[in-house]
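S.K.: This is the structure I want to talk about, given as structure tokens.
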Amino acid sequence: MSNNTGSGNGGGKFDQARRNFLRGIGIGTAAAVAQPAWGGQTFQDTFADFFQKDYRRMSVDEIEAALERIERKAEARYDVEIDCQNTPPQPGVVYGYAINISRCKGYRDCVHACVKENNLGRDSQMQYIRVLEMDQGDFNLEHSDHYYEPETVPVEGKHYLPVQCMQCDDPPCVKACPVEATWMEPDGIVVVDYDWCIGCRYCMAACPYWARHFNWTVPEIPAEEMNTNTHYLGNRPRPRGVVEKCHFCIHRTRKGQQPACMEACPTGSRIFGNLLDPDSAIRYVLANKQVFRLKEDLGTEPKFWYFSD
Amino acid sequence: MVVIRFIFDSVREMFRGPREYWMWLLALSLVVLFGAWRYSEQITEGLVVTGMSDQVSWGFYISNFAFLVGIAAAAVLLVIPAYIFDRKDVKDVVLVGEGMAVAAVTMAILFVIVDLGRPDRLWHMIPGIGRFHWPVSLLAWDVLVLSVYFLLNLAIPFYVLYSRYRGKEPNFRLYFPFVVIAMFWAISIHTVTAFLFSANPARPFWHTALLGPRFIASAFASGPALIIITLQIIRKLTSYHVSQTVIDLLALIMTTALQISLFFVGAELFTDFYNEGAHAASIHYLFFGLGGFSSLKAWIWFALALNLTALVILMIHPLRQRTVMLNIACVMTFIGIWIEKGMGLVIPGFVPTPLGEIFEYAPTSVELSVAAGIWAFGILVFTLVAKAVIAIEQGKLSCPPEEQRYTL
Ligand code: SF4
Ligand code: SF4
């Protein structure tokens, strides 16, 4: 609907005035034609949602209409005005991450920053990052403690290993998906189209790092805690019944900012950057430190390294 | 149009029968409705009403799916002797077997659908308007082979029955190519379903080349078990002739398949336990428990005991030839394999998680009720199909002679 109305200057950049204008029309027409009672959504939005194409096949106009619907939905559901963007990947950039495990003290500041930044369901207690506590000298994940007490860290004789999506370069989750709802973007980030995923959870079975999480319920987020700076492929509010995962804070990193977990880390254990830039910190780590990756034998080529001083 | 008349007559036949038959249909329908009602709960609340979690992300639904694909594939055990070896006695009942395949595939597909988080987006799979990730995704493969198998098992019996209905012998040359395709296809559905699991290095418990062969072997034990029981029921309840030689043949196949299946289980146990590495964690959980968690232990030992006892009965000829003993062995095999290849295969794949966490799963009442509804639906489908098939095969149902000359 808004798609047809607004095709005049499609292809142009995000235009707040025009979108507010369209938003007005959308609500007006909806009230005239149908009861806006479809779970707080207008009939037109529900209809357009149902027939929405997958992200990679939407035209610029269609994406913009989808972004507007996402914003309207967030307003209806959470009573918050969010800004959902579609920042494209930067050319010549492929992101990589490295963690200095001799510095990590297991504070879990990254975990909590991530929950806030990415609008993760609070009641479902979903977390993209898991910090594993293991005995010094032991690296068997099966001996790890996932639920150690945060007040007592760092514990003498223990070491800590944060795990999240490794943004594999040969991602088994992408291969698994029967509807291509998850794929690798040109900047190396493996993303999910929450509006295309059918919720079969085959990708969860395929991921060797337990990085994918499912919305068993509608994620609950208190209005005042909602991060309103969102991205279609990232931290926008998710519907129920679909899979999500770490996306390297796509709404921040594509604008040149650091991921929230890195910013939150008090020990400076986290190094994030452009793998294609020879002068980046991450390239320095890869060139000068003894690095390793988890489960390298599986051939998934994680873009996520660990090293120690 | 004779076709329309054929369909009309068949449907009418499906709903014709004595009081007991109607009670049976009614009872099944009630269970179906009950399952549907519980499913609506899942639709409104979300999959949170199941026992599944991020840790164990597949459960009872997918377990039943894996098992039922095996039952569907087992129809080939009647198809081969009937059409390839041209055994008259088997030919008499082969359509019943194909009806069972149709019912089993229907159930398998329903089990996948109820497992979806977004069943409303099922159309995303349709090539063209959706995105069908074929040939890369094994799940896309599975959807493809199951749908085609479903159609094959509808089309062949449809043609054969339709010919009978018109008082003609079906043209063997015409449908034989499809029979050959259906034969290979039966193997493919179960192999692809096994590959769906074994394609995941992330899950060492499934990631074994033996999984495909194991699936086929166990299917060729559980499938005949079900067919043997069903054929006896048909023999009891109807005047339809089911030759004892068919049952003997199936019992023999079942014996061999169960032997092979148990041998595979043994091979797996040896490889995992001789040098108990990290890969053995899941199987350790299954058979002995892990870190104090052992909800599957009793089940898997029970299944193993059932299968072993059944095998002993089947391997002693005088025992196997006694109908009662054979039936006991069939029931044991069916339940034993349902446990071993259902929950016993799916759940340990998730325990421990790839990050070493141990989290247990148990189905909730919603899952059990929905599953019961789907099973009842499958049995209902089979009952109706079998009813029409038998009537046509017995010549009770045919079109009036003056219409037989029309081709359509
Ligand atoms: S870590 Fe898991 S979710 Fe992330 S890209 Fe690799 S396979 Fe996919
Ligand atoms: S759960 Fe969604 S993203 Fe994952 S495989 Fe299924 S459709 Fe694809």
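S.K.: Given the conditions (1) out of contact with any helix residue (DSSP H, G or I) (no Cβ under 9 Å at 6 or more places or on another chain); (2) modelled with pLDDT of 95 or more, which single one is not true for B:TRP141?
M.R.: (1)
S.K.: Tell me, please, whether a residue that is out of contact with any Cys (no Cβ under 6 Å at 6 or more places or on another chain), surrounded by fewer than 17 Cβ atoms within 10 Å (Cβ to Cβ) and among the small types (Gly, Ala, Ser) can be found in the stretch B:3-16.
M.R.: no
Conditions tested, residue by residue: (1) closer than 22 Å to B:ASP272 by Cβ; (2) within 14 Å of another protein chain (Cβ to nearest Cβ); (3) assigned to a helix (DSSP H, G or I).
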{"position": "B:LEU306", "(1), (2), (3)": "yes, no, yes"}
{"position": "B:LEU319", "(1), (2), (3)": "no, no, yes"}
{"position": "B:MET325", "(1), (2), (3)": "no, no, yes"}
{"position": "B:VAL331", "(1), (2), (3)": "no, no, yes"}
{"position": "B:PRO348", "(1), (2), (3)": "yes, yes, yes"}
{"position": "B:GLY356", "(1), (2), (3)": "yes, yes, no"}
{"position": "B:PHE382", "(1), (2), (3)": "no, no, yes"}
{"position": "B:VAL389", "(1), (2), (3)": "no, no, yes"}
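S.K.: Out of B:ALA82, B:ALA104, B:ALA75, report the one residue that is modelled with pLDDT under 95 and surrounded by 24 or more Cβ atoms within 10 Å (Cβ to Cβ).
M.R.: Answer to the selection: B:ALA75.
S.K.: Which residue out of A:ASP61, A:ASP83 is in contact with a Ser or Thr (Cβ under 7 Å, 6 or more places away or on another chain), without any contact (Cβ under 8 Å) to a residue 60 or more places away in the chain and of a type outside the set (Phe, Trp, Tyr)?
M.R.: From the options A:ASP61, A:ASP83, the qualifying one is A:ASP61.
S.K.: Please go through the stretch A:156-167 and give me each residue that is more than 8 Å from ligand 1 (Cβ to nearest atom) and away from chain B (no Cβ under 13 Å), ordered by number.
M.R.: Result: A:GLU156, A:GLY157, A:LYS158, A:HIS159, A:TYR160.
S.K.: Among the residues of the stretch B:62-80, count how many are of a type in the set (S, T, N, Q) and within 14 Å of chain A (Cβ to nearest Cβ).
M.R.: Going through the stretch B:62-80 one residue at a time, the tally reaches 1.
S.K.: Looking at B:ALA221, B:ALA257, which one is at pLDDT 95 or above and in contact with a Pro (Cβ under 9 Å, 6 or more places away or on another chain)?
M.R.: Only one candidate qualifies: B:ALA257.
S.K.: Kindly indicate which of A:TYR194, A:TYR148 is open to solvent by less than 20 Å² (accessible area, probe 1.4 Å), over 30 Å from B:MET125 (Cα atoms) and either assigned to a loop (DSSP other than H, G, I, E, B) or among the hydroxyl-bearing types (Ser, Thr, Tyr) (or both).
M.R.: When all the criteria are applied, what remains is A:TYR148.
S.K.: Here are B:PHE197, B:PHE205: which of them is more than 23 Å from B:ARG87 (Cα to Cα), more than 19 Å from the chain's Cα centre (by Cα) and within 14 Å of chain A (Cβ to nearest Cβ)?
M.R.: It is B:PHE205.
S.K.: Looking only at residues in the stretch A:172-205 that are within 9 Å of ligand 2 (Cβ to nearest atom) and among the β-branched types (Val, Ile, Thr), which one is nearest to A:THR253 (Cα to Cα)?
M.R.: Ranking the candidates gives A:VAL192 first.
S.K.: If I ask for residues that are touching a Leu at 6+ places or on another chain (Cβ under 9 Å), farther than 16 Å from B:LEU314 by Cβ and in a helix (DSSP H, G or I), which ones from the stretch B:233-264 would you list?
M.R.: Of everything in the stretch B:233-264, those that are touching a Leu at 6+ places or on another chain (Cβ under 9 Å), farther than 16 Å from B:LEU314 by Cβ and in a helix (DSSP H, G or I) turn out to be B:VAL246, B:PHE264.
Yes or no, residue by residue, for (1) touching an Asp or Glu at 6+ places or on another chain (Cβ under 8 Å); (2) in contact (Cβ under 8 Å) with a residue 40 or more places away in the chain:
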| site | (1), (2) |
| --- | --- |
| A:ALA205 | no, no |
| A:TRP210 | yes, yes |
| A:ALA223 | yes, yes |
| A:LYS245 | no, yes |
| A:PHE248 | no, yes |
| A:THR267 | no, yes |
| A:ASP279 | no, no |
| A:VAL285 | no, yes |
| A:THR300 | yes, yes |
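S.K.: Provide a single number: the residues in the stretch A:229-252 that are more than 12 Å from ligand 1 (Cβ to nearest atom), within 14 Å of the chain's Cα centre (by Cα) and either part of a loop (DSSP other than H, G, I, E, B) or closer than 30 Å to B:VAL114 by Cβ (or both).
M.R.: Residues meeting the conditions: 10.
So that you can scan it fast, the table gives a plain yes or no per residue for (1) open to solvent by 70 Å² or more (accessible area, probe 1.4 Å); (2) under 18 Å from the mean Cα position of the chain (by Cα):
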site: B:LEU226; (1), (2): no, yes
site: B:ILE247; (1), (2): no, no
site: B:SER261; (1), (2): no, yes
site: B:PHE273; (1), (2): no, no
site: B:GLY277; (1), (2): no, no
site: B:LEU290; (1), (2): no, no
site: B:PHE293; (1), (2): yes, no
site: B:LEU296; (1), (2): no, no
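S.K.: Of the residues that sit in the stretch A:79-121 and are surrounded by fewer than 19 Cβ atoms within 10 Å (Cβ to Cβ) and hydroxyl-bearing (Ser, Thr, Tyr), which one is farthest from A:GLU263 (Cα to Cα)?
M.R.: Looking at residues that are surrounded by fewer than 19 Cβ atoms within 10 Å (Cβ to Cβ) and hydroxyl-bearing (Ser, Thr, Tyr), I get A:THR87.
S.K.: Can you tell me which residue in the stretch B:49-61 is nearest to the other protein chains (Cβ to nearest Cβ), limited to those that are of a type outside the set (Ser, Thr, Tyr) and open to solvent by 10 Å² or more (accessible area, probe 1.4 Å)?
M.R.: Only one residue fits best here, namely B:ASP54.
S.K.: While we're here: Mind checking which residues of the stretch A:206-216 are within 9 Å of ligand 2 (Cβ to nearest atom) and either at pLDDT below 95 or outside any loop (DSSP other than H, G, I, E, B) (or both)?
M.R.: Passing the criteria: A:ALA206, A:PHE214.
S.K.: Working only within the stretch B:324-383, note down all residues that are over 30 Å from B:ILE227 (Cβ atoms) and of a type in the set (Val, Ile, Thr).
M.R.: Correct list: B:VAL351, B:THR353, B:ILE358, B:THR364, B:VAL366.
S.K.: Still on this structure, I have one more. Could you list, in sequence order, all residues of the stretch B:110-133 that are under 20 Å from B:VAL69 (Cβ atoms), more than 9 Å from chain A (Cβ to nearest Cβ) and surrounded by fewer than 19 Cβ atoms within 10 Å (Cβ to Cβ)?
M.R.: B:ILE113
For every residue, the table says whether it meets (1) at pLDDT below 95; (2) over 29 Å from B:MET125 (Cα atoms); (3) at the interface with chain B (Cβ under 9 Å from one of its Cβ atoms); (4) near ligand 1 (Cβ under 9 Å from one of its atoms).
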site: A:ASP169; (1), (2), (3), (4): no, no, no, yes
site: A:PRO172; (1), (2), (3), (4): no, no, yes, yes
site: A:ALA176; (1), (2), (3), (4): no, no, yes, yes
site: A:VAL179; (1), (2), (3), (4): no, no, yes, no
site: A:MET184; (1), (2), (3), (4): no, no, no, yes
site: A:VAL190; (1), (2), (3), (4): no, no, no, yes
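S.K.: Name every residue in the stretch B:158-201 that is assigned to a helix (DSSP H, G or I), open to solvent by 50 Å² or more (accessible area, probe 1.4 Å) and in contact (Cβ under 8 Å) with a residue 40 or more places away in the chain, in order of residue number.
M.R.: Within the stretch B:158-201, B:ARG164, B:PHE176, B:TRP185, B:ILE187, B:PHE195 qualify.
S.K.: Could you tell me whether any residue of the stretch A:161-184 is open to solvent by 10 Å² or more (accessible area, probe 1.4 Å), among the polar types (S, T, N, Q) and either in contact with a helix residue (DSSP H, G or I) (Cβ under 8 Å, 6 or more places away or on another chain) or assigned to a loop (DSSP other than H, G, I, E, B) (or both)?
M.R.: no
S.K.: Going by the structure shown, is A:GLY137 assigned to a loop (DSSP other than H, G, I, E, B), more than 16 Å from ligand 2 (Cβ to nearest atom) and open to solvent by less than 10 Å² (accessible area, probe 1.4 Å)?
M.R.: Answer is no for this residue.
The values are calculated or read from the model by the stated rules, or taken from the named source; none is laboratory data. Keep in mind that what you see is a predicted model, and the values were worked out from it rather than measured. Note: ideal-geometry Cβ built from the backbone for every residue, glycine included; neighbour counts use all protein chains shown. Surface accessibility is based on the protein's heavy atoms, side chains included, excluding ligands, DNA and RNA. Shrake-Rupley method; radii C 1.70, N 1.55, O 1.52, S 1.80 Å.
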